[in-house]
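Okay, structure first, notes after.
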Amino acid sequence: MARVAQKSLDTNVTYLTGVGPARADALRKLGIFTARELFLHVPHRYEDASTVAPIAKLRIGDDATIIGTVVSKGVLPTRKGLRVFQAVVQDASGLIEASWPGQPFLDRTIKKGDMLLLTGPVRFFHGRQLVPREFVNLGTDESGTAGGRVLSVYPATEGLSFKIIRQLIDKHLEEYLPLYVEHLPDWLLQLAGVPSLPEALRMVHRPTSITEAERGRARLAFEELLAVHILQARAKSLAREQRRGTAMTNRRELTSKLKQVLPFELTGAQVRAVREIVADMCSDRRMHRLLQGDVGSGKTVVALFAAMLAIENGFQVAVMAPTELLAEQHARTFEKLLAPLGILPVLITGSLGAKARRAAASRLASAEPVLVVGTHALVQDSTEFAKLGLAVVDEQHRFGVEQRNALGKKGARPDTLLMSATPIPRSLALTLYGDLDVSILDERPPGRQPVTTARRAEKAREKVLQFVEGQVVQGRQAYLVLPLIDESEKVALRAATQAFEELRTGHFAHRRLALLHGRQPSEEKDATMRAFRDGEIDILVSTTVIEVGIDVANATVMLIEHPERFGLSQLHQLRGRVGRGAAESFCILLGDVSPDAAERLDIFVGTDDGFEIAREDLRIRGMGDLFGERQHGEAMFRIADPLRDVELGAFARTGAEQLLAKDPDLSKPEHKALNTVLKKSYSKALELFRVG
Ligand code: ADP
Ligand code: MG
């Protein structure tokens, strides 16, 4: 009966009271296996009760946060057939109605007597009404704010609400905290002015003020930044060794021919990028270059010049794209452009038949200089290259580190070209990728029409939908994007599915609609995208960011709901999906947003320059949002934000320099603990620094 008495941070979470098999499963999904990991799961935000407004004080037009108890609730139908969940909440000062249009299922999870924390605009609708943009169900227990006036909100997952996580941490924090041992030397903590690890963990989990929570966070962030600088220093020496490569010769055979057959002139930026790439490939250093350029800036053709150089030197070339659809699109583009050169690209994807697959494989296995386009099927064991000289990874941020590296390992030190539309500041690129050169396409091919962009309030919904209908009547297609707007993916997905059903049976009952979301298997997503590309779908409703790089010239409308949920760069990526044909295209942001959000969104509305937008994004929201979702497997920074934590970053750099000067390979006894932690916690990140 008695559980293992020996308490240790390595104790499996299943042995903690309050954790059964189901919760253990859910914790695992969050990457939490041991007690140590549980306490390193820190709040992603805090609600400070001092910023909560008394309900009686709310005015129409406010954007407010309130905490109140549900005194009554129910689901109401509206004239438009939309079902609305409503709850009346009360605090010491008064009552207000809260209303969730299109989310009747909330009736099942929100109970009378529950305490809710609500954030959103207050509007006039038979009196004051709050429309929550976000809410947290604090449940019936009031312990949430008991420890102080600051409420910790944890990243949650399906089957494990942030409340349960908070309860678990509450229950065990006192007993496990003393087991943490600081592994950073004292002088480093003093240099950065941060508390020791156990103290920092208490501060982040149970702060008495937001300032204290920030102090605790700083300790954890400092360690991440320090780790980056240490790893980077090691990576540099490693890279020097790894960067030996093969020198190609600029024969100007295929590349000159390509230039002649191109239906357009290269932009100045493209010429520059090609020149940089050719120089890399012709040096005896291995190329490791990022080609960065806004959507539509023409990265593909630059890659094609690199490919021609490799092929005229007798090498094979692999171009890897994140989806089958994109791979097919590239294959078709290459086929068209290269036909006059007598080069036929080979396509390799997962859905290729066994026979075609074998045929392709045998061409790669012979030393024939071929151009191969494909998905991650290219990096599978069964795909072997006899003479890979150039590896190109399109939309590189969509791939995991392992996949990117695996392609480079298919040959003997091939040159590597990574391509991405997500602008990464140089300093950050260095931090993320170690030793990396960057080429930038900062010029747009001529003759491109800008996309007409506008922001519309909720009350214009009817008109906006009519406008979309008008475009469809003209034979055009539209994208409609719904972000995930809840802490729980499941609830949000249900909301999206419902919104989709409402459009499908209501406004657009006579149109062909399809829904695309992240939980669908990729074959299903590809099939939907293909149907859209082939004009079999009029309106594509999507909860995920629509497949990057996809080119549907007939799509002229991008309608985005809850635009405030997106980073500006993400919005820009979305906008890039339209305006690809000759017809005028439109990007419409729909919904009521706070004045702050409006200001931010209007920057996006006002400019079409991806780099300017990225700069604004970085300035306003830090780098987390730049990438949209956090990238799994390479979350070097779970806590730190290198663009914001500038001062901590400087301390970390100085700290790392001093530390490595004392003990270059951290082999001294006093650095043993740190070395172990680095190896354990950042082994994934270390992968980042492998070249190719
Ligand atoms: P991205 O950088 O987003 O991958 P693409 O390489 O797909 O962009 O190019 C977008 C479109 O622009 C393609 O249709 C391509 O043929 C065209 N294009 C590329 N370079 C030029 C150019 N210099 N002049 C005119 N059109 C160009
Ligand atoms: Mg592209």
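Rolling a 1.4 Å probe across the protein heavy atoms gives the range 451-607 an accessible surface of 40 Å² per residue.
Pull out a ≥ b ≥ c, the square roots of the eigenvalues of the alpha-carbon gyration tensor of the range 73-133, then state rounded if a/c is under 1.5, prolate if not and a/b is larger than b/c, and oblate in the remaining case. Taking the square roots of the gyration eigenvalues as a ≥ b ≥ c, the range 73-133 is oblate. Tell me whether the range 284-360 comes out rounded, prolate or oblate; compute the Cα gyration tensor, take square roots of the eigenvalues as a ≥ b ≥ c, and use a/c under 1.5 as the rounded threshold. In terms of gyration-tensor shape, prolate.
Pairwise Cα distances in the range 254-441 exceed 27 Å for 20 percent of all pairs.
Which semi-axis lengths, in whole Å and largest first, follow from the square roots of five times the eigenvalues of the Cα gyration tensor of the range 262-311?
In descending order, the three semi-axes are 19, 12, 9 Å.
Each peptide among 364-376, 665-677 gets the average number of other Cβ atoms lying within 10 Å of its residues, and from highest to lowest they stand as 364-376, 665-677. Step through the table entries Lys525/Lys679; Lys7/Lys662; Lys7/Lys668, compare each Cα-Cα distance with 32 Å, and write down the pairs that go over it. Listed pairs above 32 Å: Lys525/Lys679; Lys7/Lys662. Annotation: aspartates and glutamates with alpha-carbon distance below 14 angstrom to Lys80 (same-chain offsets under eight excluded): Glu462, Glu501, Glu502.
Other residues with beta-carbon under 10 Å from the beta-carbon of Thr267 carry, at +1 per Lys or Arg and -1 per Asp or Glu, a net charge of -1. Protein-only accessible surface at a 1.4 angstrom probe places the residues His288, His562, His510 in the order His510, His562, His288, largest first. Note that the range 46-151 carries a Kirkwood radius of 13.9 Å, evaluated over its alpha carbons pair by pair. Rolling a 1.4 Å probe over the heavy atoms of the protein chains gives the range 175-257 an accessible area of 45 Å² per residue. Net charge in the neighbourhood of Phe305 (other residues with Cβ under 10 Å of its Cβ; Lys, Arg +1, Asp, Glu -1) is +2.
Over every Cα atom in the range 315-361, the radius of gyration and the widest Cα-Cα span, Dmax, amount to 11.1, 29 Å.
For the range 451-516, the pair-distance distribution built from all alpha carbon pairs, in bins 10 Å wide starting at 0, is 17, 47, 31, 4 percent.
If the viscosity is 1.567 mPa s and the temperature 4 °C, what Stokes-Einstein diffusion coefficient in µm²/s follows for the range 451-607 when Rh is the Kirkwood radius over Cα pairs?
D = 83 µm²/s.
The charge dipole of the chain, taken about the Cα centre with unit charges on the Cβ atoms of Lys, Arg (+1) and Asp, Glu (-1), comes to about 1000 debye, rounded to the nearest 20. Dividing the Cα radius of gyration of the chain by 2.2 N^0.38 Å, with N the residue count, gives 1.03. Under the criterion of Cα pairs below 8 Å and six or more residues apart, the relative contact order for the chain equals 13 percent. By the equivalent-ellipsoid construction on the alpha carbon gyration tensor, the range 478-540 comes out with semi-axes of 20, 16, 8 Å, ordered largest to smallest. Using a probe radius of 1.4 angstrom, the carbon and sulfur fraction of the accessible surface of the chain is 53%. Accessible surface area normalised per residue over the range 46-151 is 50 Å², counting heavy atoms of protein chains with a 1.4 Å rolling probe. Shape class of the range 164-285 from the alpha-carbon gyration tensor: prolate, with a/c at 1.5 or above and a/b greater than b/c. Only the Cβ atoms of Lys and Arg (+1) and of Asp and Glu (-1) were treated as charged; on that basis the dipole of the range 46-151 about its Cα centre amounts to roughly 560 debye. Considering only Leu82, Leu106, Ser93, the residue lying farthest towards the positive end of the dipole of the range 21-125 is Leu82, judged by Cα position with unit charges set on Cβ. When only Cα pairs under 8 Å and 6 or more residues apart are kept, what is the percent relative contact order across the range 324-384? The normalised contact order for the range 324-384 reaches 40 percent. Of all DSSP bridge pairs formed entirely within the chain, close to 40 percent run antiparallel.
The values are calculated or read from the model by the stated rules, or taken from the named source; none is laboratory data. Remember, it's a predicted structure, so these values are computed and weren't measured experimentally. Cβ atoms come from the backbone with ideal geometry, glycine included; neighbour counts cover every protein chain shown. Accessible surface is based on the protein model in full, side chains and every heavy atom, while ligands, DNA and RNA are left aside. Shrake-Rupley method; radii C 1.70, N 1.55, O 1.52, S 1.80 Å.
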